[in-house]
Every structure is written in C-alpha cells, then in structure tokens.
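Undergrad: Take a look at the following structure, please.
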Amino acid sequence: MADVLIADDHPLFRDALQRAVLAALPGAQVYTADSVDALLVLVEGHADADLLLLDLHMPGARGYSALAHIRGQYPGLPIIVVSGHEESQVAHRAIAHGASGYIPKSAPVDQIVRAIHAVLDGDAWLPPQMIGNGSALDPSEEDIAARVASLTPQQFRVLNMIAEGLLNKQIAYDLGVSEATVKAHMTAIMRKLGVSNRTQVALAASHLAVEPAGTPPM
C-alpha cells in the first residue's frame with residue numbers, strides 16, 4: 001500500500017489531488033499539509049513515503065525553496081511539483097531542482113494519474129506541451145539551492161521568516177524559542193549560505209523565486 005503526501009494550501013485543489021491519487025493508487029494512504037511548516041512535520045513523520053505532491057506556493061516558502069530543501073533532506077522521496085504556472089521554463093526549473101515530475105493545476109485527472117504512475121515507475125514526467133529541451137540552472141541558483149538543501153528543518157523555517165521580513169523577536173515568538181536560539185540559527189544559516197548579514201540571507205532566498213519580485217504568485 002502506497003503512502004502519498006500532498007502539500008497544497010488550497011483545500012479544493014488538495015481534495016482534487018487526493019481524489020486523483022486514489023484513482024491512480026486505490027487503497028493508498030494519503031496525508032496532507034497546507035503549509036511548509038506542516039509539510040516539514042509531515043515528512044519527518046513519514047520519511048519512507050512513496051511520493052510527495054508539492055505546490056510551489058504555500059505559506060512558509062516561495063518558489064523552489066521548499067523543493068530544494070526537501071530534496072536535500074529526503075533524497076529518496078520522489079516529488080511531483082504541482083503549480084498554477086503553465087510556462088515550460090517553470091516546469092524545467094522544477095525538474096532541474098530535483099523534482100521527478102511537474103503537473104499544471106489545469107491538468108485533467110487522467111493526466112495526473114499518468115504522471116503518478118510514471119514517477120512511481122522511476123521515470124520523469126512532464127505534460128506533452130512542456131516536453132522539450134530544458135535549460136540548465138543558472139550557477140548561482142544551483143549553488144543557493146544546494147546551500148538551502150543543507151539547512152536543518154528549523155533553520156529552513158527561520159530562513160523563510162527572514163525572507164518574509166520578520167524580526168528576531170517575532171521569529172522567536174512564532175517558533176516558541178528564545179531570541180538567543182534564533183541568533184544561533186541565524187549564525188548557522190549565514191555560514192551555510194556564505195553570507196554575512198540578514199539582508200544577504202533574504203537576497204539569497206530570492207534566487208529561488210519562480211517569478212521576479214512584484215509578480216503575484218499563482
């Protein structure tokens with residue numbers, strides 16, 4: 001019996017994905033998360049899951065950051081990215097960041113079923129209209145992705161809070177830890193990212209955005 005994780009913050013689409021999973025894998029155990037924090041807890045509790053369906057845009061992460069982090073922490077977990085983005089470039093960047101497949105949110109159920117079967121069989125999967133020559137990641141984006149992958153789950157949470165502009169006091173309150181603990185995480189994050197201040201931390205995280213700053217997510 002397969003264990004499948006779904007991470008998406010839209011309840012209706014999360015339910016639609018769950019129905020598609022059960023159509024592809026009758027009897028599968030499906031576990032869901034509606035934020036990156038919930039996903040990190042979910043993956044820690046189901047580290048041997050067979051598949052993760054991951055939305056690119058959820059509370060707690062932007063762009064490819066969650067994909068890069070999960071890929072680094074759980075290299076054996078196949079990931080299919082699901083997104084409202086229809087651009088081939090977005091799909092190919094997801095594959096370059098370690099996803100095994102890409103599903104636009106406009107895809108019909110039978111296409112999602114085919115994607116799930118293909119990835120579980122060990123193949124990569126893209127919608128027919130997105131198949132083509134993918135471009136390699138920019139070296140700076142590839143480097144940042146590798147550095148984000150090396151963060152612990154708690155460091156990753158702090159990174160995303162910094163990217164959202166939260167102060168150390170706010171981060172400490174939200175995580176239920178002391179400011180000294182947040183500062184220790186900050187020091188470790190800056191070391192792993194190869195930067196020297198929190199502004200550079202936020203800029204590094206922006207390298208993994210799907211769209212330029214100021215473009216609303218889908």
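The values are calculated or read from the model by the stated rules, or taken from the named source; none is laboratory data. The model shown is predicted, which means the values in this text are computed figures rather than measured ones. All Cβ positions, even for glycine, are placed from backbone atoms using ideal geometry, and neighbour counts span all protein chains on display.
Undergrad: Take the residues in segment 117-149 that are acidic (Asp, Glu) and more than 30 Å from Ala188 (Cβ to Cβ), then tell me which one is modelled with the lowest pLDDT.
TA: It comes out as Asp123.
Rundown of residues vs (1) touching a Lys or Arg at 6+ places or on another chain (Cβ under 9 Å); (2) farther than 25 Å from Ser140 by Cα; (3) in a helix (DSSP H, G or I), yes/no style:
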position	(1), (2), (3)
Asp15	no, yes, yes
Val21	no, yes, yes
Pro26	no, yes, no
Leu39	no, yes, yes
Leu54	no, no, no
Ile70	no, no, yes
His85	yes, no, no
His117	no, yes, yes
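Undergrad: Out of the helices (runs of 4 or more DSSP H) lying entirely within segment 120-193, which hold 1 or more residues that are in contact (Cβ under 8 Å) with a residue 60 or more places away in the chain and within 26 Å of Ala47 (Cα to Cα)?
TA: Of the helices (runs of 4 or more DSSP H) lying wholly inside segment 120-193, those with at least 1 residues that are in contact (Cβ under 8 Å) with a residue 60 or more places away in the chain and within 26 Å of Ala47 (Cα to Cα) span 139-149, 153-163.
Undergrad: With respect to Gly76, determine if the residue is in a loop (DSSP other than H, G, I, E, B) and on the phi > 0 side of the Ramachandran plot.
TA: So Gly76 does not fit the description; no.
Undergrad: Next up: From Val4, Val43, which residue is assigned to a helix (DSSP H, G or I) and either closer than 26 Å to Ala204 by Cα or not small (Gly, Ala, Ser) (or both)?
TA: Exactly one residue qualifies, and that residue is Val43.
Undergrad: Could you list, in sequence order, all residues of segment 38-61 that are farther than 22 Å from Leu175 by Cβ and crowded, with 21+ Cβ neighbours inside 10 Å?
TA: Passing the criteria: Leu51, Leu52, Leu53, Leu54, Asp55, Leu56.
Undergrad: Just one of the numbered conditions (1) at pLDDT below 90; (2) in contact with a helix residue (DSSP H, G or I) (Cβ under 9 Å, 6 or more places away or on another chain); (3) surrounded by 14 or more Cβ atoms within 10 Å (Cβ to Cβ) is not true of Val158; which one?
TA: Only one criterion is unmet by Val158, namely (1).
Undergrad: Let me ask something else about it. For Pro216, all conditions in the list (1) loosely packed, with under 12 Cβ neighbours inside 10 Å; (2) at pLDDT 90 or above; (3) under 28 Å from His10 (Cα atoms) hold save one; what is the number of the exception?
TA: Of (1) loosely packed, with under 12 Cβ neighbours inside 10 Å; (2) at pLDDT 90 or above; (3) under 28 Å from His10 (Cα atoms), only one is false for Pro216: (2).
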